[in-house]
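Working notes for the structure below.
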Amino acid sequence: MKLLFKQRFFSWFDSYDIYHEDGSTAFTVEGKLSWGHRLEIYGPDGTHLGRVQEEILTLLPRFVLYEGERPMGVLRKEFTLFKPRFSLDCNGWEVQGDFMGWDYQVTDAAGQFVLSASKELFHLTDTYEIDVPDPENALPALMIVLAIDAAKCSQKG
């Protein structure tokens with residue numbers, strides 16, 4: 001399953017549309033007024049599915065991932081000098097990224113591929129392609145990509 005993640009050009013807060021390969025809407029994400037990033041995730045029919053919430057007053061960005069109202073994991077940016085690194089406490093998964101911080105892979109505890117995300121360059125807004133072999137992992141995969149994108153944005157600002 002492939003998803004195309006596109007940030008909306010005109011929005012006050014971070015808002016995204018996520019599409020299936022066939023162009024149909026898979027998810028919508030609405031940024032909400034909050035201290036730190038708060039991204040609410042909705043299904044194509046408008047049902048609330050989850051949230052990515054930045055914890056404030058931390059040295060490095062840290063995000064709690066919620067499925068519905070239940071916390072399902074935490075993504076933390078780690079201190080490194082060159083290569084961006086994130087630790088993930090969710091489903092026993094692990095994140096690995098490239099030197100420039102544009103491409104990421106997530107594997108499970110057994111080293112099996114869970115998802116990959118690649119940032120497409122030369123777009124006016126953030127655009128990622130997410131490859132998720134198991135559709136059951138689509139929502140957590142989206143949350144991880146949203147948290148990484150928000151963490152990179154927090155470090156710039």
- prompt: If you go through region 106-121 one residue at a time, how many are over 14 Å from Asp134 (Cβ atoms) and under 14 Å from the mean Cα position of the chain (by Cα)?
  reply: 3
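Has region 113-120 got any residue that is closer than 14 Å to Arg38 by Cα, modelled with pLDDT under 95, part of a strand (DSSP E or B) and touching a helix residue (DSSP H, G or I) at 6+ places or on another chain (Cβ under 9 Å)? Spell out the reasoning first.
Of region 113-120, the ones closer than 14 Å to Arg38 by Cα are none.
Taking every residue of region 113-120 in turn, none turns out to be closer than 14 Å to Arg38 by Cα, modelled with pLDDT under 95, part of a strand (DSSP E or B) and touching a helix residue (DSSP H, G or I) at 6+ places or on another chain (Cβ under 9 Å).
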message: I'd like to check something: does region 3-21 contain any residue that is among the polar types (S, T, N, Q) and closer than 20 Å to Met72 by Cβ?
response: no
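Within the bounds of region 132-140, is there any residue that is at positive phi and either at pLDDT below 95 or over 15 Å from the mean Cα position of the chain (by Cα) (or both)? Break it down into steps so the answer makes sense when it comes.
Going through region 132-140, the residues at positive phi turn out to be none.
The answer is no, given that none of the residues of region 132-140 is at positive phi and either at pLDDT below 95 or over 15 Å from the mean Cα position of the chain (by Cα) (or both).
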- prompt: Of all residues in region 1-15, which are of a type outside the set (A, V, I, L, M), out of contact with any Ser or Thr (no Cβ under 7 Å at 6 or more places or on another chain) and modelled with pLDDT of 80 or more?
  reply: Lys2, Ser15
query: List the pairs whose first member sits in region 32-60 and is in contact (Cβ under 8 Å) with a residue 60 or more places away in the chain and within 17 Å of Gln7 (Cα to Cα), whose second member is basic (Lys, Arg) and not in a strand (DSSP E or B), and whose Cβ atoms are under 9 Å apart, counting only residues at least 6 apart or on separate chains?
result: Leu39/Lys32
statement: Log entry, pairs with first residue in region 66-91 being modelled with pLDDT under 85, second being among the aromatic types (Phe, Trp, Tyr) and surrounded by fewer than 11 Cβ atoms within 10 Å (Cβ to Cβ), beta carbons closer than 6 Å, six or more apart or on different chains, reads Lys83/Phe99
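Answer with yes or no whether Phe27 is under 14 Å from Ile144 (Cβ atoms), among the hydrophobic types (A, V, I, L, M, F, W, C), touching a Gly at 6+ places or on another chain (Cβ under 8 Å) and at pLDDT below 95. Outline the logic, then answer.
Numbers: under 14 Å from Ile144 (Cβ atoms): yes; among the hydrophobic types (A, V, I, L, M, F, W, C): yes; touching a Gly at 6+ places or on another chain (Cβ under 8 Å): yes; at pLDDT below 95: no.
So Phe27 fails the test.
Quick one: which residue in Val74, Val64, Val95 is surrounded by 13 or more Cβ atoms within 10 Å (Cβ to Cβ), within 22 Å of Lys2 (Cα to Cα) and β-branched (Val, Ile, Thr)? Before the answer, list the steps.
Working: Val74 fails: within 22 Å of Lys2 (Cα to Cα); Val64 fails: within 22 Å of Lys2 (Cα to Cα).
Criteria check complete, one pass: Val95.
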- request: Please enumerate the residues belonging to region 1-55 that are part of a strand (DSSP E or B), over 21 Å from Ser116 (Cβ atoms) and not charged (D, E, K, R).
  value: Ser15, Thr25, Thr28, Gly31, Tyr42, His48, Leu49, Gln53
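The values are calculated or read from the model by the stated rules, or taken from the named source; none is laboratory data. Computed from a predicted structure; not experimentally measured. Note: ideal-geometry Cβ built from the backbone for every residue, glycine included; neighbour counts use all protein chains shown.
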